[in-house]
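To keep things clear, I will list the structure first and then write my remarks on it.
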Amino acid sequence: MSQSEVSSFVHSLREAFTEFETLPQPTIATLDGAALGGGLELAMAADIRVAGSAAKLGLPETKLAIIPGAGGTQRLPRLIGLPKAKELVYTARILNAKDALELGLVNHAVEGGAWTKSLEIAKEILPNGMHGLMYLILDIRTDYAELLNRIGPIAVRMAKLAMDKGTQLELSSGLAYEQACYAQVIPTEDRLEGLKAFREKRKPVYKGR
């Protein structure tokens, strides 16, 4: 590729990963092999990362005389801290699942494949009303469908928004942003249904309204 084509390609990756990061649904990255360079940059844009025993994670771009250009220099320090991120980028070090867990790069490191653990986490989230969490999981594991309406989908969307945006602000502004997100759930039918179901000692049926 020409220099202009390379620049355009990396820019498109950066935009795509940002769009993925800002999806209203929770996202889970299942890492069962090599997630190097752009692969790790995509995984870091997910809300939760699960690494299997075969996972290899790293940003080795400096070995190629380039830098991580699809968000890696920004998301990695936010996940594990600036000093540790600098060391990983400067050395182009490749991590296994255990090392990644110790650094805080992944939420879970499991023996064998990461898919089962990812499904377990999704199962915990799906009851919280995320109808659009992972259509792939719903297609494969239709037994989870009955769990979808137990807690409000709007609440999970607002919680994700409050955390994603609020943590980019100083504390007082973050608290104000949280308050604004909370205000979005107050007038919902789902909130009233949750209170009613609690009083009636039954499972709520949420409709995302």
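The values are calculated or read from the model by the stated rules, or taken from the named source; none is laboratory data. These numbers were taken from a predicted model, which means no experiment stands behind them. When we count neighbours, we look across all protein chains shown, and the Cβ atoms used for this are built from the backbone with ideal geometry, even at glycine. Heads up: the accessible areas ignore ligands, DNA and RNA and are worked out on the full protein's heavy atoms, side chains in. Shrake-Rupley method; radii C 1.70, N 1.55, O 1.52, S 1.80 Å.
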Note to self: On the basis of being open to solvent by less than 20 Å² (accessible area, probe 1.4 Å), at pLDDT 90 or above and not hydroxyl-bearing (S, T, Y), does A85 make the cut?
What the structure shows: yes
Note to self: Here is a list: G174, G208. Which entry is in a helix (DSSP H, G or I) and either at positive phi or modelled with pLDDT under 80 (or both)?
What the structure shows: G174
Next item on the list: Restricting attention to the range 55-78, report how many residues are open to solvent by 60 Å² or more (accessible area, probe 1.4 Å) and touching a residue at least 24 places away in the same chain (Cβ under 8 Å).
Entry: 2
Checklist line | Yes/no for L40 being at pLDDT 90 or above, among the hydrophobic types (A, V, I, L, M, F, W, C) and surrounded by 14 or more Cβ atoms within 10 Å (Cβ to Cβ) | finding: yes
Notebook entry, point to check: Residues in the range 57-79: is at least one on the phi > 0 side of the Ramachandran plot, out of contact with any strand residue (DSSP E or B) (no Cβ under 9 Å at 6 or more places or on another chain) and modelled with pLDDT of 90 or more?
Noted result: no
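Results for (1) in contact with a Leu (Cβ under 7 Å, 6 or more places away or on another chain); (2) outside any strand (DSSP E or B), shown as yes or no for each residue.
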residue: S4; (1), (2): no, yes
residue: A16; (1), (2): no, yes
residue: E19; (1), (2): no, yes
residue: Q25; (1), (2): yes, yes
residue: L40; (1), (2): yes, yes
residue: V50; (1), (2): yes, no
residue: S53; (1), (2): no, yes
Next item on the list: Return a yes/no flag: does the range 11-20 have any residue that is of a type in the set (D, E) and open to solvent by 20 Å² or more (accessible area, probe 1.4 Å).
Entry: yes
Notebook entry, point to check: Would it be correct to say that D164 is charged (D, E, K, R), open to solvent by less than 90 Å² (accessible area, probe 1.4 Å) and more than 19 Å from D47 (Cβ to Cβ)?
Noted result: no
Next item on the list: May I ask you to verify whether P187 is surrounded by fewer than 12 Cβ atoms within 10 Å (Cβ to Cβ) and not in a helix (DSSP H, G or I)?
Entry: yes
Item checked: Given (1) assigned to a helix (DSSP H, G or I); (2) surrounded by fewer than 17 Cβ atoms within 10 Å (Cβ to Cβ); (3) at pLDDT below 85, number of the condition I125 does not satisfy -> (2)
